[in-house]
Amino acid sequence: MPAPSILLLGASGYLGVPLLAEFLTHRSKFSRLAILTDESRKHKFEDAKAKGVELIIGSYLEPDSFKGFNTVLSLLGNHAMADQPSIIKACLAAKVTEFYPSEFGGDSSQGPYVTNRYFDEKNKTRAFLAETVAKNPDSGFNYTLIMCGGFMEYVMNPIFGGDEESETFTFYGSGEKREPFTSVADVCRYTVASTLMPKSPSGARSFKIPEAWYTWSEVISTISRASGVEYKPIFLPNEEAVEKAKQFKESGDADGELTFSLKALIGSLGFEAVPEPWDNDKFPEIVPVNLETALKQYFAKSKPEV
Ligand SMILES: NC(=O)c1ccc[n+]([C@@H]2O[C@H](COP(=O)([O-])OP(=O)(O)OC[C@H]3O[C@@H](n4cnc5c(N)ncnc54)[C@H](OP(=O)(O)O)[C@@H]3O)[C@@H](O)[C@H]2O)c1
């Protein structure tokens, strides 16, 4: 397999920054490593440029922006994700052969994930990718889905329920519900390693790579151990999250609607975010960290220096 040429979209985001760092660690395995950005955002990448990362300035809707790259990873956030079908069209026209959509979470092809508002754009993108592969069998176009469950460090984000100021954790469901998690650094390791693996003959690959399952009660007790602070668990009825999502929708608050749609989903019983079997054994060189280790690192970094 020739050395992949890599182009990243959304490289300044929460996931984009550590993923770029992981690509840089393995720089010699890639023929090119570049970020696609536009005039208004290019100032964010001075540091990356100094480290030898190419900056391509252009629109992600134009095939010219992708020419000369075989592998494109989208790390776009919730709003720009709606552009992914148009981005995929541009990639196909530019002869890109591997596209990673902005996934990096649950398996949205199952149960209530299929219709949950939070996964709307991800599911539209999945459907568009499948259609693109089916309609263009001779194009060499492939795509890869990375499913890692929650990012371990993200349990401290209000979207999952952590509140460092009030030292509470709020969950809309039972503490016995379990969720798969992976640390962000490990998500980046698996993603970079996957770009060097053979393509699937079907045109579509997916890698399910969570580190482990944790119940939400375990999550909260692990936060307390890792932070050295006793976090107070607050368990609320799942229906309250469903109702709040509805209210945010009615008031036109898309971010509120997305947040509470996700809270309602992860607190509901019946379906789990990344059903097994998982694919970790395809990456024998990666030894992922557990939740406690990832959270200890998170709290060590977020403590002010004295
Ligand atoms: N499993 C989990 O727990 C978890 C947690 C977090 C994220 N994720 C997933 O990870 C993926 C990335 O999310 P994230 O949190 O890293 O997102 P993020 O921090 O919001 O970053 C999004 C990136 O997209 C760029 N962007 C946004 N609009 C753009 C536009 N119109 N044109 C060009 N660039 C644009 C942003 O650049 P600007 O800042 O310059 O606009 C930024 O670099 C998503 O699929 C998300 O669902 C999963």
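The values are calculated or read from the model by the stated rules, or taken from the named source; none is laboratory data. Every value quoted in this text rests on a predicted model; they were computed, and no experiment measured them. Note that each Cβ is placed from the backbone with ideal geometry, even for glycine, and that neighbours are counted across all protein chains shown.
Of all residues in the stretch 168-215, which are buried (at least 19 other Cβ atoms within 10 Å of the Cβ) and modelled with pLDDT under 95?
Matches in the stretch 168-215: 203 only.
Among the numbered conditions (1) of a type in the set (Asp, Glu); (2) in contact with a helix residue (DSSP H, G or I) (Cβ under 7 Å, 6 or more places away or on another chain); (3) over 26 Å from residue 182 (Cα atoms), tell me where residue 230 comes up short.
Unmet for residue 230, out of (1) of a type in the set (Asp, Glu); (2) in contact with a helix residue (DSSP H, G or I) (Cβ under 7 Å, 6 or more places away or on another chain); (3) over 26 Å from residue 182 (Cα atoms): (3).
Suppose we filter 299, 260, 248 for residues that are over 30 Å from residue 117 (Cα atoms), in contact (Cβ under 8 Å) with a residue 12 or more places away in the chain and either part of a helix (DSSP H, G or I) or of a type in the set (D, E, K, R) (or both); which single one remains?
Values: 260 fails: over 30 Å from residue 117 (Cα atoms); 248 fails: over 30 Å from residue 117 (Cα atoms).
Just a single option satisfies the conditions, and that option is 299.
Considering the stretch 118-139 alone, what residues qualify as being surrounded by 19 or more Cβ atoms within 10 Å (Cβ to Cβ) and either charged (D, E, K, R) or in contact with an Asp or Glu (Cβ under 6 Å, 6 or more places away or on another chain) (or both)?
121, 122, 126
Could we say that residue 20 is closer than 23 Å to residue 286 by Cβ, among the aliphatic types (A, V, I, L, M) and without any contact (Cβ under 8 Å) to a residue 60 or more places away in the chain here? Steps first, please.
Values: closer than 23 Å to residue 286 by Cβ: yes; among the aliphatic types (A, V, I, L, M): yes; without any contact (Cβ under 8 Å) to a residue 60 or more places away in the chain: yes.
In short, yes.
When residues of the stretch 267-296 are filtered for being surrounded by fewer than 11 Cβ atoms within 10 Å (Cβ to Cβ) and either under 30 Å from residue 242 (Cβ atoms) or free of Cβ contacts under 8 Å to residues at least 12 places away in the same chain (or both), how many remain? Step through it out loud before you land on a result.
First, pick out the residues of the stretch 267-296 that are surrounded by fewer than 11 Cβ atoms within 10 Å (Cβ to Cβ): 269-270, 276-277, 281, 284-285, 287.
Within this subset, residues satisfying the condition of being either under 30 Å from residue 242 (Cβ atoms) or free of Cβ contacts under 8 Å to residues at least 12 places away in the same chain (or both) are 269-270, 276, 281, 284, 287.
Looking only at that region, the number is 6.
Hey, could you check the stretch 27-60 for residues that are surrounded by 15 or more Cβ atoms within 10 Å (Cβ to Cβ), closer than 23 Å to residue 199 by Cβ and not aromatic (Phe, Trp, Tyr) and say which is farthest from the ligand (Cβ to nearest atom)?
29
Which residue out of 80, 90, 11 is surrounded by 15 or more Cβ atoms within 10 Å (Cβ to Cβ), closer than 30 Å to residue 286 by Cα and modelled with pLDDT of 95 or more? Don't jump to the end; show me each part of the working.
Numbers: 80 fails: closer than 30 Å to residue 286 by Cα; 90 fails: closer than 30 Å to residue 286 by Cα.
When all the criteria are applied, what remains is 11.
For the stretch 1-14, which positions are near the ligand (Cβ under 9 Å from one of its atoms) and touching a Phe, Trp or Tyr at 6+ places or on another chain (Cβ under 6 Å)?
Result: 9, single match.
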